[in-house]
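A.B. asks: The structure that follows is given in the form of structure tokens.
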Amino acid sequence: MKVFILTGAGISAESGAGTFRDPKGFWATFDPMKLATPEGFAADPDQVHAFYNARRRDLLTAEANDAHRALTRLEQALIRAGGGFWLCTQNIDDLHERAGTRRVHHMHGELLQSLCAHCGGLAPCRSDLSTADICRACGRAGGLRPDVVWFGETPYGMEQIEEALVSADVFAAIGTSGTVYPAAGFAGLARAAGIETWLVNLEIYGASWEFDHHLAGRATQVVPEFVTRLLGRI
Ligand code: BJW
């Protein structure tokens, strides 16, 4: 069995990382056009740095939870059984990796990495960024930003994602509101390809008709349940 997992902010919510569109999510307080677009960064880089610096500091003290760990068990069992596992996350945290999952693709980038807008250089980043920082690769100041994909930018690795998605037997969307494209279109693509689809989320939302199976509840409860069900079929 080959399994393609798409995760979103909901899987890390119980680790203390915020979500975006819940009543207490980031976008209830902050304007995404000011904080998550290249135009917002150009207009006020200090404000954007402050937002991501605070989230980076929180991430460094956060811990993976039972939902992240359940997906690691699924990966290990599938690999042992000669199956396939591909985890595509919209999250910029590293909690899947910290839980031990090996095959993780960060389509919206990684908070613990910086990207130089001048030279495209990537570097590990575990401390605050500012406009005064100098890129070690090109030596220029003012271009360092968090390596995250903002609105209007192209997510990472779309070709690899589509290849892995259409070759899967099972697709599961976990902890995502299904609002942001292209990830929001993955369930429809999977269904059109005849792949079994699961929605594992706190709430079962409007596009739930795209899914064959639904598991509603907190990720730390329903993700282990989802994994147990799949493990029973290996
Ligand atoms: C729990 C839980 C618990 C809570 N347990 N569950 C009009 C129509 C269609 C598209 C567009 C359009 N206008 C513009 C676009 C394109 C745009 C887009 O989709 N906009 C929409 C808002 C309409 N997309 C883009 O610009 C993307 N790029 C693009 O399309 O390039 C073109 C291209 C496509 C394909 C190939 C080549 C080129 C880029 C999108 C970048 C998104 N960036 C952000 C911020 C940066 C990262 C960061 O700061 O962290 O990424 S926005 C934000 O949303 C973040 C997330 O990754 C992303 C998705 O959010 P997610 O994870 O779904 O979180 P929430 O909060 O929405 O949902 C959480 C869910 O969990 C909820 O359902 C809760 O119920 C649940 N939950 N607690 C289980 N304990």
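The values are calculated or read from the model by the stated rules, or taken from the named source; none is laboratory data. Keep in mind that this is a model prediction, so the values were computed, not measured. Quick reminder, even Gly has a Cβ in these numbers, built from the backbone with ideal geometry, and neighbours come from all protein chains shown. SASA here: full protein model, heavy atoms, side chains in, ligands and nucleic acids out. Shrake-Rupley method; radii C 1.70, N 1.55, O 1.52, S 1.80 Å.
A.B. asks: Taking the mean number of other Cβ atoms within 10 Å as a proxy for protection, how do you rank 81-90, 5-14 from highest to lowest? Please report the intermediate quantities before stating the final value.
C.D. replies: Numbers: 81-90: 19.6, 5-14: 24.6.
Packing order, densest peptide first, comes out as 5-14, 81-90.
A.B. asks: What number, rounded to the nearest 500 deg cm²/dmol, is the helix-based mean residue ellipticity at 222 nm of the chain, given -39500 (n - 2.57) per DSSP H run of at least four residues and division by all its residues?
C.D. replies: That comes out to -9500 deg cm²/dmol.
A.B. asks: Evaluate the charge dipole of the stretch 1-147 about its Cα centre and quote only its size in Debye, nearest 20, assuming +1 on the Cβ of each Lys and Arg and -1 on the Cβ of each Asp and Glu. Provide the component values of the computation, followed by the final result.
C.D. replies: Numbers: 17 positive and 17 negative charges, 101 e Å.
Here the size comes out at about 480 debye.
A.B. asks: Another question, if that's okay. Counting only protein heavy atoms and using a 1.4 Å probe, what share of the accessible area of the stretch 103-223 belongs to carbon plus sulfur, as a whole percent?
C.D. replies: Its accessible area is 50 percent carbon and sulfur atoms.
A.B. asks: While we're here: With the cut-off at 18 Å, report for the stretch 174-233 the share of all Cα pairs above it, as a whole percent.
C.D. replies: Of all Cα-Cα pairs in the stretch 174-233, 34 percent lie more than 18 Å apart.
A.B. asks: On to the next question. Any chance you could check the Cα centroid distance between the stretch 1-68 and the stretch 120-147 for me, in angstrom?
C.D. replies: 20
A.B. asks: To continue, here is another question. Can you give the Rg to Rh ratio of the stretch 95-224, both from alpha-carbon atoms, with Rh computed by the Kirkwood formula? Before the final figure, lay out each step's value.
C.D. replies: On the way: Rg = 17.9 Å, Rh = 17.0 Å.
For the stretch 95-224, the value is 1.05.
A.B. asks: Just name one of 185, 49, 13: the one whose Cα is farthest towards the positive end of the charge dipole of the chain (beta-carbon charges, Lys/Arg +1, Asp/Glu -1).
C.D. replies: Toward the positive end, the furthest listed residue is 13.
A.B. asks: Would you mind checking which residues have amide H under 5 Å from residue 212's amide H? H placed 1.01 Å from N; only 5 or more apart, or other chain.
C.D. replies: Sorted by chain and number, the residues that satisfy this are 197, 198.
A.B. asks: Also, quick follow-up: Students often check this: by mean Cβ neighbours within 10 Å, which of 146-155, 100-109 ranks highest, and how do the rest follow?
C.D. replies: 100-109, 146-155
A.B. asks: Further question: Could you give the alpha-carbon Rg of the stretch 16-121 over 2.2 N^0.38 Å, rounded to two decimals? Can you show the working numbers first?
C.D. replies: Numbers: Rg = 16.2 Å, N = 106, 2.2 N^0.38 = 12.9 Å.
Normalised by 2.2 N^0.38 Å, the Cα Rg of the stretch 16-121 equals 1.26.
A.B. asks: Which whole-number value in Å² is the accessible area per residue of the stretch 2-231, probe 1.4 Å?
C.D. replies: On a per-residue basis, the stretch 2-231 sits at 47 Å².
A.B. asks: Now for a different question. What per residue convex hull volume, in Å³, do the alpha-carbon atoms of the stretch 2-231 yield?
C.D. replies: It is 119 Å³ per residue.
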